[in-house]
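The structure under discussion appears below in the form of structure tokens.
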């Protein structure tokens, strides 16, 4: 059979394809629907948080930080409850990372503040002596891209039924609504409202001035995203 | 006329040899910079704080991995294909104007793709998925490049004179199919430029941005099915194709066992894809998938070692050639590193070992003993073997090649030993508890302790880069001033100057 295959490239290629496609079909397909169901208390990202997530991705934060807490005592002691599949239901793409040069960030919003992040992103060793993380000073100047975040919200709401402007059940029995703007101007206004809350806790005068002028620096969006990770 | 030996046309092979060397230098240089940034964070602002956005670790890291995978390795795969393909199929590219045109177009579009990737990653345009960072416009370009290569492969096979496909061709076909399937499914994404707001506005936001078709755990599953097997079909399958051709050619020895090559090939095809789950052990993917990933990783030792042992036994009775020829040294040590790396990987895939190894530098070490020791050595050996044949000149310097071999071997050894120690140290410190059950170390303690190992790794990487520059110089000199040789001198062992 093999000698015959080696003289018939088409059938050879078909054989190879079946051999390699087999595993994917069996391993990936059966789990798809179940794994994508959100757990109670998981909410979609707001416009500003999503813009912050884009800043996180733009700077490849996931190259050094994981967002996956494994079910070991040492990890739950350090980072909080181990990760549940449904908590990632609105993560497109997933940001688990593959290397922890720095600590896990899955629940960083539980134990770090806006002030901590501001100081840390400006000069990491001043907050964590011995840190090898570089400073991210340009995030205080670059302006976050709210329009793209809004376009992404609309896309996921349309294609994947992500529940914006709908009641989402929370763990304490209440519900929460994550608002999505009705127009580009509306989305920007919503993001700015959120940004003002963050900027009020910050010290950098340029950032405060920018927000007062209706512009949102990347750092503000990033901190909004960090604070949402719980 | 009928008895005249075929004149193969190496135009496209030469072009890809050039990009192999150039992207190799770029990728490895960035790697060395990254290594020193981890040891000495000041290197993050190496071009001043104004350009820090473009020189800091996180922006450069995807550039390093992609330059080495899609630049150096893929160029090497294409260069060897346009050389090996013609020779084992006994047909010249010059015989088909169409295939010649496709080959050149393949190269031109590849170059455009590489330029677009470099530009977009520096700008921070990325999807964040490892080795699949490119946004949809570049994904489309990559698919076009890949299809062109497929036309080259199957076109040449279509007009072949040698009816039976040699082992290397099996592996090139598998490379084409494997990457095509993986890349397409992992990069399913929806461009956000299609969005329309309730107010009727369209076309706002970045036009190149997209959102993944999969969310969370599913996304991770597809990504590591891809990520793991991009390694399989980029770093293993085509490199095995190379060694099956170049080692017998250079040494003048026949492949030790046809049956072993059959077993290894079909075994590798069937088993490799299952093992992707070992990247997700103790994550939120179902337990049975994690276990499958573990088990099949262990099974994977069989076909991997099958190929490697087949190569080593091909040298049976001719071991003096290893001492005599630095070119044979590269290939024999390459297959040894392949064995080493394909044993280390399955060990790391065992659940209890993975609990320590995952997220640490041990994984980085594993990747690099495979890529530096196996992929890098094999591609350089292939180019060394090809150079006299495509340029009709003797390799410029044998002693330079031998020196390069030892410098790079030392570099690889420093690299993986330091990363072993770093990884296991950090993994053990993360999980250490004191007598009261509290964590024994804060996270930063487990970072500062790594400084000496990061420094040693940087030195190891630097040695490898120096060796690669010697390789580039040797090839350049071969092209320009190497002694001209006759066809009769190019039977087996490549001619080398002192």
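FYI, it's all coordinate maths here, none of it is from the lab. Being a predicted model, the structure only gives us computed values, none of them experimental. Note that we place each Cβ from the backbone using ideal geometry, even for glycine, and neighbour counts take in every protein chain shown.
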Average beta carbon contacts from partner chains per residue of B:168-174, 10 Å cutoff: 3
For region A:137-188: span of alpha carbons on each principal axis (Å, largest first): 41, 25, 19
Cα Rg, Dmax, the protein assembly as shown, angstrom units: 26.5, 88
Relative packing of B:449-457, B:475-483, which averages over residues the other C-beta atoms within 10 Å, highest first: B:449-457, B:475-483
Candidates A:28, A:57, A:216: whichever shows maximal mean-square fluctuation once chain A is modelled as a Gaussian network with Cα springs under 10 Å: A:28
Over chain B: helical MRE at 222 nm, DSSP H runs n ≥ 4 each giving -39500 (n - 2.57), nearest 500: -22000 deg cm²/dmol
Largest-first principal axis extents of the Cα set of chain B (Å): 81, 62, 50
Within 10 Å of each Cβ in A:138-146, the average number of Cβ atoms from other chains: 2
Rg/Rh for region A:145-230, where both radii come from Cα atoms and Rh is the Kirkwood radius: 1.01
By average C-beta atoms within 10 angstrom, highest first, the peptides B:302-314, B:200-212, B:41-53: B:302-314, B:200-212, B:41-53
Calculated Rg and Dmax of region B:315-498 using C-alpha coordinates, Å: 20.9, 77
Per-residue mean of C-beta atoms belonging to partner chains within 10 Å, peptide B:266-273: 5
Ascending count of other beta-carbon atoms within 10 Å, so fewest first, for B:231, A:55, B:367: B:367, B:231, A:55
Shape box of region B:16-119 [Cα atoms, principal axes, largest first, Å]: 56, 22, 15
Reciprocal of mean inverse Cα separation for chain A (Kirkwood radius, Å): 20.0 Å
Between helix B:287-299 and chain B: long-axis angle, C-alpha atoms, 0 to 90°, nearest 10: 30 degrees
Burial order of peptide ranges A:13-21, B:372-380 (average beta-carbon count within 10 Å, highest first): B:372-380, A:13-21
On Cα atoms only, tilt of B:258-272 relative to the major axis of chain B in degrees: 20 degrees
Estimated distance in nm for a label pair at residue B:320 and residue A:25, the labels positioned 7 Å out from Cα along Cα-to-Cβ: 5.4 nm
Mean residue ellipticity (222 nm) of chain A, computed from DSSP H runs ≥ 4 via -39,500 (n - 2.57), nearest 500: -14500 deg cm²/dmol
Angle between chain B longest axis and helix B:136-158 axis [Cα atoms, degrees, rounded to 10]: 30 degrees
